[in-house]
Amino acid sequence: MSRFDIPNALRFEDAPGGLVRAVISTAAAEADVYLQGAHVTHWTPRGQRPVLFVSSKSRFAPGKAIRGGVPVIFPWFGARGDGSPSPAHGFARNMGWAIEGTKLHNGGNVEITFSLAPNDATREFGYAAFHVCFSVTVGTELEMELETRNDAKEPLTYEEALHTYFAIADIHRASVSGLTGTTYVDKTDGFKRKKLGNESVRIAKETDQVHLSTKATCVVHDLVWNRRIIVEKSGSDSTVVWNPWIDKTKGMSDMAPDDWKEMICVETANAADNAVHLSPGASHKLTASIRVE
Ligand code: TA6
């Protein structure tokens with residue numbers, strides 16, 4: 001591991017549950033990224049409150065998804081479309097990723113790059129010929145790039161998401177703008193398709209919406225902490241907004257009873273109608289860049 005260390009900027013350490021994480025510290029920000037799932041769990045620009053939410057009840061264990069931060073979702077979103085017994089949200093977030101490299105940029109930003117290649121488990125799921133690369137650059141912005149290449153001789157269709165959990169002071173005084181007029185699949189109402197009017201998304205009950213065919217930048221407005229979290233993206237045609245609210249949270253062993261008040265997921269995705277179709281040898285890149293104002 002030490003060959004990827006960057007003195008005074010990036011080091012690796014053993015973390016809870018026998019996992020390993022990269023601890024990043026720059027003049028502009030600090031961050032933690034777990035090798036399991038290439039999972040960013042912490043990003044805080046200097047002088048700011050933590051931007052990402054992680055539940056105090058989250059599991060940190062081999063093969064278990066971390067509840068919070070930025071789970072990397074691949075190659076299916078939610079339940080697997082063919083109904084076969086498979087882990088929700090694909091296999092990428094539960095697996096160990098390889099480190100491809102680390103880099104200290106001129107301006108002081110630190111980048112770490114991970115890759116996921118086929119293994120026995122992915123082959124079991126029918127994924128034998130792909131390559132996924134995920135790079136995270138830490139600075140005043142958190143920049144993330146997820147690039148997928150189809151190494152098979154036949155086309156590859158997949159879904160993906162950066163399932164980002166944002167920390168907020170109070171869900172009752174938060175909203176998400178940038179999705180006006182979009183059509184969304186309401187997963188709390190029988191997957192009905194609905195259209196958002198000329199308004200921001202406000203959360204007053206369990207909310208699980210897949211907004212389709214939108215390339216828009218979204219903003220999380222936090223009226224209590226008086227901050228805006230801006231999520232800019234590319235190569236992504238879906239945005240998912242999720243809050244489990246009271247009852248769903250009670251049913252989740254890796255969430256504390258009041259966690260629903262302090263988090264909102266605004267996810268940079270390609271899901272449902274926006275699944276990606278890659279011909280043999282082709283690649284697709286999804287990016288998200290997060291900043292706080
Ligand atoms: O992104 C929203 C969602 O798909 C919800 O349906 C909810 O299940 C959430 O993800 C969390 O999923 P998980 O598998 O992490 O419990």
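List, in order, the whole-Hz ³J(HN,Hα) value for each residue of segment 120-131 obtained from phi through the Karplus relation with A = 6.51, B = -1.76, C = 1.60 and θ = phi - 60°; use x for Gly and Pro.
In residue order, the calculated couplings are 4, 5, 5, 5, 4, 7, x, 10, 10, 9, 8, 9 Hz.
Just how large is the dipole of segment 95-207 about the Cα centre, in debye to the nearest 20, putting +1 at every Lys and Arg Cβ and -1 at every Asp and Glu Cβ? Before the final figure, lay out the partial values.
Details: 12 positive and 17 negative charges, 113 e Å.
Computed about the Cα centre, the dipole is about 540 debye.
For the chain, with the dipole built from +1 on Lys and Arg beta-carbon atoms and -1 on Asp and Glu ones, taken about the Cα centre, which of A204, Y165, F191 lies farthest toward the positive end?
Result: A204, furthest along the dipole toward the positive end.
Over segment 28-119, what relative contact order in percent results from Cα pairs under 8 Å that are six or more residues apart?
Details: 170 pairs, mean separation 21.4, N = 92.
Relative contact order for segment 28-119 comes out at 23 percent.
Tell me, what HN-Hα J-couplings in whole Hz come from the Karplus equation 6.51 cos²θ - 1.76 cosθ + 1.60 at θ = phi - 60° for each residue of segment 92-108, using x for Gly and Pro?
4, 6, 9, 10, x, 9, 8, 8, 8, x, 9, 8, 9, 7, 3, x, x
Using a probe of 1.4 angstrom, how much of the accessible area of segment 109-254 is carbon and sulfur, in percent? Each step should come with its number before you reach the end.
Working: 2980 of 6290 Å².
Within segment 109-254, the accessible surface is 47 percent carbon and sulfur.
So which residue, out of K57, K192, K250, gets the largest mean-square fluctuation from a GNM of the chain using Cα contacts under 10 Å as springs?
It is K192.
Once phi is turned into ³J(HN,Hα) by the Karplus curve 6.51 cos²θ - 1.76 cosθ + 1.60 with θ = phi - 60°, what whole-Hz value does each residue of segment 26-35 show in order, with x for glycine and proline?
With coefficients 6.51, -1.76 and 1.60, one gets 10, 4, 8, 6, 10, 7, 10, 9, 7, 5 Hz.
Please list the three semi-axes, largest first and in whole Å, of the ellipsoid equivalent to segment 127-243, using sqrt of 5 times the eigenvalues of its alpha carbon gyration tensor. Display every interim value, and only then the final one.
Working: eigenvalues 158, 79, 28 Å².
Computed over segment 127-243, the values are 28, 20, 12 Å.
In bins 5 Å wide, starting from 0, what share of all Cα pairs of the chain does each bin hold, as a percent?
Over the chain, the share of Cα pairs per 5 Å bin runs 1, 5, 12, 17, 19, 18, 14, 8, 4, 1, 0 percent.
Once amide H atoms are placed 1.01 Å from N in the peptide plane, what residues at a sequence separation of 5 or more from H42, or on another chain, have their amide H within under 5 Å of its amide H?
For H42, the qualifying residues are D32.
Quick one: grab the alpha carbon gyration tensor of segment 110-193, order the square roots of its eigenvalues as a ≥ b ≥ c, and give me rounded if a/c is under 1.5, else prolate or oblate depending on whether a/b is larger than b/c.
oblate
Using only the alpha-carbon atoms of segment 1-145 as identical scatterers, what base-10 log of I(q)/I(0) does the Debye formula give at q = 0.19, 0.21 Å⁻¹?
-1.15, -1.34
Normalised by the number of residues in segment 1-156, what is the relative contact order in percent for Cα pairs under 8 Å and 6+ residues apart? List each step's numbers first, then the result.
Values: 341 pairs, mean separation 27.2, N = 156.
About 17 percent, as a whole number.
With contacts defined as alpha carbon pairs under 8 Å and 6 or more residues apart, what's the relative contact order of the chain in percent? Before the final figure, lay out the partial values.
Working: 795 pairs, mean separation 50.7, N = 293.
Rounded, it is 17 percent for the chain.
Go ahead and set up a Gaussian network model of the chain, Cα springs under 10 Å, then flag whichever of H42, H172, H89 fluctuates most.
For the chain, modelled as a Gaussian network with Cα springs under 10 Å, the answer is H172.
Listed here are the pairs K57/K215; K57/K194; K205/K285; K187/K250; which of them are more than 29 Å apart at the Cα?
Details: K57/K215 33 Å; K57/K194 34 Å; K205/K285 33 Å; K187/K250 18 Å.
Violating the 29 Å limit, Cα to Cα: K57/K215; K57/K194; K205/K285.
Identify which of L19, L116, L52 has the largest mean-square fluctuation in a Gaussian network model of the chain, with springs joining Cα atoms closer than 10 Å.
It is L19.
The values are calculated or read from the model by the stated rules, or taken from the named source; none is laboratory data. Since we're looking at a predicted model, the values are computed, not measured. When we count neighbours, we look across all protein chains shown, and the Cβ atoms used for this are built from the backbone with ideal geometry, even at glycine. In case anyone asks, the SASA skips ligands and DNA or RNA and just uses the protein heavy atoms, side chains included. Shrake-Rupley method; radii C 1.70, N 1.55, O 1.52, S 1.80 Å.
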